[in-house]
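Before I ask anything, let me first share the structure, which is written out below as structure tokens.
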């Protein structure tokens, strides 16, 4: 009897600067994992977030990676990818998607079915992404709802699924602002991330 053809992995990609990772990121990842029946969600840590780095100082990649590793440790179905850190240079999602497909082929596996996880507020910026038209043909866009933001159910040129988000209205910039003001981050970031931020004195206002 012939061996059954291997099934393509259903893979979620949650890319970002993660400066820092917060409970909203975890909620989005868990929601996609459950609602879309994904095998894994990869937190893809950007090496050089080229649309952000010209406008503000970005925390060193080693710290951002360590915080993401702390955030997802022990959470079933969630994992960290260093593919963009290893590649170096500006972090282009389309190149990451292509590389993950090529790596599967190199292992003799079918290319994964890739779901690109984005918040509803990010959809309007997709046209500015590197090789956006090509990226649209390679992934399914998993749009996670956010409080106070209209969730698009269709995006021209993209395959779209909508995932219910958490009711947490949170951003990394808001977390940084609180840290700089010396306000507790409890409940906003996972405990191990809060401990890491405190130990490394990240986001403290220079004196």
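Among the listed residues 193, 189, 143, which satisfies the condition of being touching a strand residue (DSSP E or B) at 6+ places or on another chain (Cβ under 8 Å) and either surrounded by 12 or more Cβ atoms within 10 Å (Cβ to Cβ) or closer than 19 Å to residue 62 by Cα (or both)? If you could, list the steps in order and put the result at the bottom.
Working: 193 fails: touching a strand residue (DSSP E or B) at 6+ places or on another chain (Cβ under 8 Å); 189 fails: touching a strand residue (DSSP E or B) at 6+ places or on another chain (Cβ under 8 Å).
Result: 143 is the single residue among 193, 189, 143 that is touching a strand residue (DSSP E or B) at 6+ places or on another chain (Cβ under 8 Å) and either surrounded by 12 or more Cβ atoms within 10 Å (Cβ to Cβ) or closer than 19 Å to residue 62 by Cα (or both).
Oh, and also: Can you find a residue that is touching a residue at least 12 places away in the same chain (Cβ under 8 Å), on the phi > 0 side of the Ramachandran plot and out of contact with any helix residue (DSSP H, G or I) (no Cβ under 7 Å at 6 or more places or on another chain) anywhere in region 33-50? Show your work before the answer.
Step one: filter region 33-50 for residues touching a residue at least 12 places away in the same chain (Cβ under 8 Å), giving 33, 35-50.
Still in the running and on the phi > 0 side of the Ramachandran plot: 37.
With out of contact with any helix residue (DSSP H, G or I) (no Cβ under 7 Å at 6 or more places or on another chain) added as a condition, the list becomes 37.
So far as region 33-50 goes, yes, one or more of its residues are touching a residue at least 12 places away in the same chain (Cβ under 8 Å), on the phi > 0 side of the Ramachandran plot and out of contact with any helix residue (DSSP H, G or I) (no Cβ under 7 Å at 6 or more places or on another chain).
Looking only at region 52-80, how many residues end up being closer than 20 Å to residue 23 by Cβ and either surrounded by 14 or more Cβ atoms within 10 Å (Cβ to Cβ) or free of Cβ contacts under 8 Å to residues at least 40 places away in the same chain (or both)? Let's see the steps before the verdict.
So in region 52-80, the residues closer than 20 Å to residue 23 by Cβ come out as 59, 63-80.
If we keep only those that are either surrounded by 14 or more Cβ atoms within 10 Å (Cβ to Cβ) or free of Cβ contacts under 8 Å to residues at least 40 places away in the same chain (or both) as well, we get 59, 63-72, 74-80.
Qualifying residue count for the region: 18.
Return yes or no: is residue 14 out of contact with any helix residue (DSSP H, G or I) (no Cβ under 7 Å at 6 or more places or on another chain) and either under 15 Å from residue 71 (Cα atoms) or in contact (Cβ under 8 Å) with a residue 60 or more places away in the chain (or both)?
Taking the combined requirement at face value, the residue does not satisfy it.
What number goes with the only condition from (1) at pLDDT below 95; (2) in contact with a helix residue (DSSP H, G or I) (Cβ under 8 Å, 6 or more places away or on another chain) that residue 167 does not pass?
Status for residue 167: all satisfied but (2).
Quick test of your reading of the structure: residue 206 fulfils all but one of (1) surrounded by 15 or more Cβ atoms within 10 Å (Cβ to Cβ); (2) out of contact with any helix residue (DSSP H, G or I) (no Cβ under 9 Å at 6 or more places or on another chain); (3) modelled with pLDDT under 95. Name the failing condition by number.
For residue 206, the failing item is (1).
Is one or more of the residues making up region 17-25 more than 12 Å from the chain's Cα centre (by Cα) and surrounded by 22 or more Cβ atoms within 10 Å (Cβ to Cβ)?
no
The values are calculated or read from the model by the stated rules, or taken from the named source; none is laboratory data. Computed from a predicted structure; not experimentally measured. Cβ atoms come from the backbone with ideal geometry, glycine included; neighbour counts cover every protein chain shown.
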